[in-house]
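Let me begin by presenting the structure, written as structure tokens, before commenting on it.
The values are calculated or read from the model by the stated rules, or taken from the named source; none is laboratory data. Here the structure is a predicted model, which means the values were calculated and not measured. Quick reminder, even Gly has a Cβ in these numbers, built from the backbone with ideal geometry, and neighbours come from all protein chains shown.
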Amino acid sequence: MINITPSDILVVSDWHLGFPGTQIKKINQFLDELLANKPFDKLILNGDIFDLNWQFFQKIIERHQEILTKLVKINQMGTKIIYILGNHDPLTANQKNYLYSFLNKIGLNDINILPAFQLKQNNSVYLVNHGHMFDTFIAEHKLASDWSDIGYRVTIAFDNFLGIGLTENIVRIFRRYTNWSNLYEKRCQRYLKKRKYQGLILGHTHEPKILEWIVKQKKYFKLPINLINVSEYLSLKNQPKEKVKKYFYNSGDWIEPGHCTYLVISATGQVELKYYNT
């Protein structure tokens with residue numbers, strides 16, 4: 001059961017439409033429940049909604065027309081939809097145009113496709129990004145990343161077919177052995193230290209999670225000299241760092257058994273991690 005108010009923002013990611021192991025039935029049921037509710041503020045699709053590694057893009061679109069139709073209907077009832085691109089769905093200009101034209105054939109809509117999004121909520125600003133920008137393992141170990149991705153997907157297929165939890169145990173062992181999760185989160189924390197964002201809202205890792213960090217941050221940020229008051233800048237520069245709270249939010253995924261998670265952000269800025277259970 002989904003409990004949302006008209007002012008709420010929902011964030012989902014990592015549907016991986018096109019990959020045989022994704023949980024299409026639950027995604028459809030989730031969208032049906034959203035359609036049965038009153039309109040809410042925003043639905044943010046935070047990357048890897050499609051999975052271009054497995055099928056041709058046009059074939060994926062046509063095969064999942066039912067899901068796209070429901071998204072258009074949600075948009076038409078008054079909910080703004082923002083689609084952030086991930087590392088498995090980095091749409092080319094031609095693919096974007098094809099998707100826009102396909103959506104327009106379904107019905108009038110204003111769904112936005114963006115590389116990232118700055119979300120302002122209750123006097124705080126959050127960066128909404130799929131999260132692969134913080135994953136140096138992909139860039140530094142491309143071959144190993146490709147092979148681990150294949151192994152991950154094979155175990156997902158077995159899990160969903162047999163109803164076992166093999167994937168989560170294997171991933172937990174891999175991440176503990178490589179310290180991957182800690183390194184990823186430290187990169188996110190360093191990023192936030194140097195910026196005014198209150199937090200990061202990510203997907204990518206398939207680890208539904210909320211973290212709160214206390215970090216020491218400067219009271220000034222480097223800006224072009226013509227945009228700031230010089231005397232004010234110098235006075236702030238000489239002040240000591242202050243302790244501030246920063247937040248890490250991950251919306252999880254919809255392919256691992258037992259996940260199917262999403263974030264709900266209220267008008268007051270409170271963020272909750274929810275598990276969708278049918």
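One residue stands out in segment 8-20 among those that are assigned to a loop (DSSP other than H, G, I, E, B) and modelled with pLDDT of 95 or more: the one that is nearest to F117 (Cα to Cα), namely S13. Confirm whether H88 is under 25 Å from D135 (Cα atoms) and surrounded by 15 or more Cβ atoms within 10 Å (Cβ to Cβ). Yes. Residue count for segment 30-44 satisfying the condition of being surrounded by fewer than 16 Cβ atoms within 10 Å (Cβ to Cβ) and part of a helix (DSSP H, G or I): 4.
Every residue, every condition in (1) in contact (Cβ under 8 Å) with a residue 60 or more places away in the chain; (2) farther than 14 Å from Y83 by Cα, yes or no:
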site: D14; (1), (2): yes, no
site: T22; (1), (2): yes, yes
site: N37; (1), (2): no, yes
site: G47; (1), (2): yes, no
site: L68; (1), (2): no, no
site: L71; (1), (2): no, no
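Specify the residue that is nearest to N104 (Cα to Cα); the eligible residues are those in segment 28-82 that are of a type in the set (S, T, N, Q) and at pLDDT 95 or above. Here the answer is T69.
Every listed requirement among (1) in a helix (DSSP H, G or I); (2) surrounded by fewer than 21 Cβ atoms within 10 Å (Cβ to Cβ) is met by M1 save one, (1). Which of the numbered conditions does N94 fail, given that it passes all the others? Conditions: (1) farther than 29 Å from Y191 by Cα; (2) surrounded by 11 or more Cβ atoms within 10 Å (Cβ to Cβ). Failing condition for N94: (2).
Answer yes if at least one residue in segment 97-106 is of a type outside the set (A, V, I, L, M, F, W, C) and under 20 Å from the mean Cα position of the chain (by Cα), and no otherwise. No, there is no match, as no residue in segment 97-106 is of a type outside the set (A, V, I, L, M, F, W, C) and under 20 Å from the mean Cα position of the chain (by Cα).
For L52, the conditions (1) in a helix (DSSP H, G or I); (2) of a type outside the set (S, T, N, Q); (3) touching a helix residue (DSSP H, G or I) at 6+ places or on another chain (Cβ under 8 Å) are fulfilled apart from (1). Remark: pairs (first residue in segment 89-105, closer than 21 Å to N53 by Cβ; second residue in a helix (DSSP H, G or I); Cβ separation under 6 Å; 6+ apart in sequence or on different chains) = Q95/F57; F102/I61. In the set (1) touching a residue at least 60 places away in the same chain (Cβ under 8 Å); (2) under 22 Å from P208 (Cα atoms), N53 fails one condition alone, (2).
On the basis of being at pLDDT below 90 and buried (at least 19 other Cβ atoms within 10 Å of the Cβ), does E232 make the cut? Spelling it out, it is not the case that E232 is at pLDDT below 90 and buried (at least 19 other Cβ atoms within 10 Å of the Cβ).
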